[in-house]
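Asks: One structure is given below, represented as structure tokens, and several questions about it will come after.
Here, each number is a calculation from the coordinates, and none is a lab measurement. Just so we're clear, the structure is a prediction, and the values are computed from it rather than from any experiment. Cβ placement follows ideal geometry from the backbone for every residue including glycine, while neighbour counts extend to all protein chains displayed.
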Amino acid sequence: MWLELIRKHMSHNKFIVPKCGANLSENQNAEEKLGVLFPQELKDLLLAVNGDQCLLLLIDQIIKDNNLIRENLSECYDGLDELLFIAGNGCVDYYAYIIQDGKISTNQIVRWEHEINECVLVATGLVETVVWMSRVDK
């Protein structure tokens, strides 16, 4: 399902290049390193497509970017440890799940705007997020 959805939007965005899926141990390793269980829809996406080199982060990049953002920007911005960054827009804004009490309790996706440290709801789930992010006219 995920690969078909992403391929559908490749014709609208030439920078989308899906990578081969991650494996279960890579998913578990990322969850352990970030201290949060991924929602099932994210696990399923990463098993099918490990990022796309444009919008969706590779699983290693999810780990790296979340750690870098938290380490380097936590003095300037509050609440960064309450976000699981999974995708970017190329302008240093990220798309993220909201972490509450150490877990992700909803599939809602927000866009974290780095200039003002605010989150804007963009989608009610990952499918809607992929469709929305893949549009050329956004």
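Asks: Which numbered condition trips up V130, out of (1) under 20 Å from V49 (Cα atoms); (2) assigned to a strand (DSSP E or B); (3) among the hydrophobic types (A, V, I, L, M, F, W, C)?
Replies: Tallying (1) under 20 Å from V49 (Cα atoms); (2) assigned to a strand (DSSP E or B); (3) among the hydrophobic types (A, V, I, L, M, F, W, C), V130 fails exactly one: (2).
Asks: If D52 passes every condition in (1) touching a residue at least 12 places away in the same chain (Cβ under 8 Å); (2) in a helix (DSSP H, G or I) but one, which one does it miss?
Replies: (2) is the only condition that D52 fails.
Asks: Which ones in the range 18-28 are more than 16 Å from the chain's Cα centre (by Cα) and either within 21 Å of Q53 (Cβ to Cβ) or of a type in the set (S, T, Y) (or both)?
Replies: C20, N23, S25
Asks: Let me ask something else about it. Considering the range 38-83 alone, what residues qualify as being surrounded by fewer than 16 Cβ atoms within 10 Å (Cβ to Cβ) and in contact with a Pro (Cβ under 9 Å, 6 or more places away or on another chain)?
Replies: Once the filter is applied, which keeps residues that are surrounded by fewer than 16 Cβ atoms within 10 Å (Cβ to Cβ) and in contact with a Pro (Cβ under 9 Å, 6 or more places away or on another chain), the range 38-83 yields only Q53.
Asks: Can you tell me which of V130, V92 is within 14 Å of the chain's Cα centre (by Cα) and surrounded by 19 or more Cβ atoms within 10 Å (Cβ to Cβ)?
Replies: Going through V130, V92 in turn, just one is within 14 Å of the chain's Cα centre (by Cα) and surrounded by 19 or more Cβ atoms within 10 Å (Cβ to Cβ): V130.
Asks: For the range 8-30, name all the residues that are under 15 Å from L46 (Cα atoms) and loosely packed, with under 15 Cβ neighbours inside 10 Å.
Replies: V17, K19, C20, N23, L24, S25, Q28 - these are the residues of the range 8-30 that are under 15 Å from L46 (Cα atoms) and loosely packed, with under 15 Cβ neighbours inside 10 Å.
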